[in-house]
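Asks: Structure below; questions to follow.
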Amino acid sequence: MTRLKLPLGVLGAAAIALPAAAQAPEAAPPPAPVAVAALAAPDFFSAAGRDTGLGADLWKGASPQTLKTVLPLVAAKPLSPAAQALARRVLATGANGPGEAGRDPALAGQRINALIAQGGVKEAAEILSKTSGLDQSPDLSRAAAELALLSGDADRACQVGEGLATGRDDVYWVRLRAYCQVKRGEVGAAQLTFDLAQGEAKDAVYGRLMGVRLSGAGNPGAASLRNGLDVALSRDLGLDLSAAVPSPAVAAALTPKDNPEAVWPMESGPGPVRAALAALASGDLATARTMRASLTEADTAAAGALDL
């Protein structure tokens, strides 16, 4: 019988290959397609300025339209000390806004403006530090720039303006750009930008302050405290800020207070309703509840919204 002789290397390779082939796993199935879901837009009201003790359901059931109406009023009108403290506490609370309102960057900017106007400068800064997408929202960016200017951080305001990706042609940003250019010593560019801003919307106060800032000479007149840019220019020119009448937002920002508590003074007097209200105002909730339980139907009607 003739025996077939194979080279030793071939036999070794076969000995290795045959078991491997016998044990080779089946081909792995193709990977399942990856599901891609769009991320929900951020809720701008969810960022907190501080721990206020109020819950995350603060705005649940609230009317978005009411919020849109009230926020500009809170930013423009001075409030009593008690109402101011309450407004700061509510506005600094991190809680999803009502409905789609929480995803409205313009409304989020109004929240910041209202918070600044009530003296909540620190809270507003904390909220903005947690807020992404400033460069995509002129409203939020303007609130951030104003806060920086009022706080004396002009470099930060210029950084916000330069990073803005949309709405850069609004006259506010053109005026800020001229100011930032002259701050950097770019006087020629600043003059052109200033002329552009005045040509778009002439402002006599900005004109006299910025005009002297550009030329380095002349009489700028009295200080102006209408907004952060006026404050920055007045400071640069060494004007007497105490002689000017500030807007509510500027007044609150220049004299911030640390988290005031809402206190409604109420003197006790005849009648159970007034006594219950006085106990509530003093913080004696237990006594107020006890007295509330003893009120007659007539007393309850007189108390109106007294709800303990």
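The values are calculated or read from the model by the stated rules, or taken from the named source; none is laboratory data. Since we're looking at a predicted model, the values are computed, not measured. As a convention, Cβ positions derive from the backbone with ideal geometry for all residues, glycine included, and neighbour counts pool all protein chains shown. These area figures cover heavy atoms from the full protein model, side chains too; ligands, DNA and RNA do not enter into them. Shrake-Rupley method; radii C 1.70, N 1.55, O 1.52, S 1.80 Å.
Asks: Just name the residue that is nearest to the chain's Cα centre (by Cα) out of those in region 179-204 that are acidic (Asp, Glu) and within 19 Å of Pro220 (Cα to Cα).
Replies: Asp203
Asks: OK, next. Looking only at region 10-18, decide whether some residue is at pLDDT 85 or above and open to solvent by less than 60 Å² (accessible area, probe 1.4 Å).
Replies: Within region 10-18 (the criterion being at pLDDT 85 or above and open to solvent by less than 60 Å² (accessible area, probe 1.4 Å)), the answer is no, since none of the residues qualifies.
Asks: Which numbered condition trips up Leu140, out of (1) part of a helix (DSSP H, G or I); (2) within 28 Å of Lys77 (Cα to Cα); (3) touching an Asp or Glu at 6+ places or on another chain (Cβ under 8 Å)?
Replies: Failing condition for Leu140: (3).
Asks: Tell me whether region 71-94 contains one or more residues that are out of contact with any Lys or Arg (no Cβ under 6 Å at 6 or more places or on another chain), in a loop (DSSP other than H, G, I, E, B) and modelled with pLDDT of 90 or more.
Replies: Yes: one or more hits.
Asks: Also, I was wondering about something else. Condition check: assigned to a loop (DSSP other than H, G, I, E, B), aliphatic (A, V, I, L, M) and open to solvent by 10 Å² or more (accessible area, probe 1.4 Å). Does Leu147 satisfy that?
Replies: no
Asks: Taking Gln136 and the conditions (1) touching a Pro at 6+ places or on another chain (Cβ under 8 Å); (2) over 26 Å from Gln110 (Cβ atoms); (3) of a type in the set (S, T, N, Q), which numbered condition does it fall short on, given that it satisfies the others?
Replies: Going through the list (1) touching a Pro at 6+ places or on another chain (Cβ under 8 Å); (2) over 26 Å from Gln110 (Cβ atoms); (3) of a type in the set (S, T, N, Q), Gln136 breaks only (2).
Asks: While we're looking at this one, here's another question. Pull up region 62-100, narrow it to residues that are among the β-branched types (Val, Ile, Thr) and within 15 Å of the chain's Cα centre (by Cα), then point me to the one that is farthest from Pro248 (Cα to Cα).
Replies: Only one residue fits best here, namely Thr93.
Asks: Now a separate question. In region 127-144, what count of residues is obtained for those that are of a type outside the set (Val, Ile, Thr), at pLDDT 90 or above and crowded, with 16+ Cβ neighbours inside 10 Å?
Replies: 9
Asks: Is it the case that some residue within region 108-122 is of a type outside the set (Ser, Thr, Tyr), in a helix (DSSP H, G or I) and over 21 Å from Gly228 (Cα atoms)?
Replies: no
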